[in-house]
1. Listing Met399, Met419 from the residue with the fewest other Cβ atoms within 10 Å to the one with the most, what is the order?
2. Short version: ³J(HN,Hα) in whole Hz for each residue of the range 305-313, in order, from phi by Karplus 6.51 cos²θ - 1.76 cosθ + 1.60 (θ = phi - 60°), x for Gly and Pro, what are they?
3. Which distance in nm do the two modelled labels at Ser461 and Asp345 give, with both placed 7 Å along the Cα-to-Cβ direction?
4. Would you work out if the range 359-438 is rounded, prolate or oblate? Take a ≥ b ≥ c from the square roots of the eigenvalues of the alpha-carbon gyration tensor; rounded if a/c is under 1.5, else prolate when a/b is larger than b/c, oblate otherwise.
5. By the gyration tensor of its Cα atoms, with a ≥ b ≥ c the square roots of the eigenvalues, what is the shape of the range 405-449: rounded for a/c under 1.5, prolate for a/b over b/c, or oblate?
6. Local charge sum around Pro123 (other residues, Cβ-Cβ under 11 Å, Lys/Arg +1, Asp/Glu -1)?
7. Please give the net charge around Thr39, taking every other residue with its beta carbon less than 12 angstrom from that of Thr39, where Lys and Arg add +1 and Asp and Glu add -1.
8. Would you work out if the range 9-166 is rounded, prolate or oblate? Take a ≥ b ≥ c from the square roots of the eigenvalues of the alpha-carbon gyration tensor; rounded if a/c is under 1.5, else prolate when a/b is larger than b/c, oblate otherwise.
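Only the coordinates and a few stated rules stand behind these numbers; no lab work does. None of these values were measured; they are calculated from a predicted model. Neighbour counts run over all protein chains shown; Cβ positions are idealised from the backbone, glycine included.
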Amino acid sequence: MSTVDRSPALVYLGLGSNMGCREANIKRARALLAALPDTTLTAQSSMYNTAPVCGPDQDDYLNQVAELQTTLSPRDLLTAAQGIENELGRRRTVRWGPRTIDIDILWYHGFSSTDAELQVPHPRMEERRFVLEPLAELAPDLVLPSGRSVAEALCSVQDQVMTRVSSETGAIALRTSKRFSMDYAAIHAEIRRLAAEKQAVILAHNYQRPEVQDVADVTGDSLGLTREAAASSARMIVFCGVHFMAETAAILIPDRLVIAPEVQAGCPMADMIDERGLRALKAEHPDAVVVSYINSTAAVKALSDICCTSANAAEVLRSVPADKEIIFTPDRNLGAWAAKKAGRDVILWPGFCPTHDLVEVADVERARAVHPAAKVVVHPECRLEVAEMADAVESTSGMIRYCREDDASEYVIGTEIGMLYRLSKDVPRKRFYPLSEMAVCPYMKLTTLEKVLRALRTEESVVTVDPETREKALGAVQRMIEMGGR
Ligand code: A4P
Ligand code: MG
């Protein structure tokens, strides 16, 4: 272990225990952390009794966040934390399984690392109330990788059963998400006032943050939203989603002002194919019909014969004459699923949605073990082997319909976790669990309530498509719509 001659780094650690004497374990871990060389324990949150998230059936946890100042490097601190875990009898058996103590480095003074050994900031902290709630006591304004503060992240995180069980120092002011919700209520009201004044319609994709969904006029999937926009008489469309969605709106309704509140919100899958790559593949298969998923850039749509959505991909493939080769872009997972359903061979572009592609067969097995009464519903952007295990494979709008009409009362949902909020609002009497807590699209979460307000005030950033690309892309989109839509 080495310390270096520099000013101490501010560090937040998550502590969790659900075996043995939980409180004693946490206190002992804290004492051992405070005893590390050149390290001071500067603050600690209340302790929270929390229902377990993920993993096998297990007892409730006790969770706390500790603030340290240390000159240990991030890796030395991790080694030290693992030493403390061992000393307290922690055995790594199952992932997310019971443990006497878990020490996670949540945040290390702005340092960032994504290798397997050390991932800082902790990749799951923004999804977990058992981390955010105690962290918000100590550092509500800390800026997280999504660009949100801890307080903001806490407002939109999924609900979790947890109770604050103690305030050991007695000096910590109680901060709850309610305080921040009040701020949100004021922003929400101002957004609605401005939208009326400026004749704007606000559209939010099903994967947007809850508070953004709540302020929108319409929530839905990308094509459904664009259709709503076309049908409305709004002068301005504020599109809360990712870039290709606003582009599709600009293709279909060029006479309106289309505004994206967050220009950085791209779509990694759409960006996995470009014009040059598609031209090269078309040159190899000059007679092939090019089918592109609506989740593609305007330039790729312009080189395509027909577009499809996740709901009608198989139908679009079936519409292609049997003697024609088919190129499917950019999503290999949706392409493989639709090809199988349509009984067609297709040439797949190897793109994928990183958020859906990380869902594994093991996640479905675990979900079935933990929620035996629930049906598993997944999006076709998941891998084919995952889709084949599901009870239903549905687009986001299809999921709402399916869960409403189906007779089960619990569902495990395999798509971006924003969808759980939409489902819990639309189908309130049923219960929904995420298939993977990690299925969070960082780009979808870039749009915040504050950015929606700014977009309405400044009328920026305007999304346009050059007329030549637009005209070609429009052909591909219209052919899809003429086929009967979604
Ligand atoms: N590792 C990488 N980055 C870090 C980091 N920033 N901090 C490596 C600590 N360790 C890091 O960790 C697995 C490996 O991650 C280690 O070898 C380390 O080198 P682990 O602690 O053995 O495994 P884990 O606890 O199963 O995973 P992790 O990442 O701690 O998961 P989570 O997301 O913290 O989930 N429910 C409630 N209510 N309360 C909890 O505290 N905890 C978990 C663990 C699940 N459910 C819970 C709770
Ligand atoms: Mg851990």
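1. Exposure proxy ranking, most exposed first: Met419, Met399.
2. Running phi through 6.51 cos²θ - 1.76 cosθ + 1.60 with θ = phi - 60° gives 8, 8, 9, 8, 10, 5, 7, 10, 4 Hz.
3. 4.3 nm
4. prolate
5. oblate
6. -2
7. Around Thr39, the charge tally is -2.
8. Judged from the Cα gyration tensor, the range 9-166 comes out rounded (a/c under 1.5).
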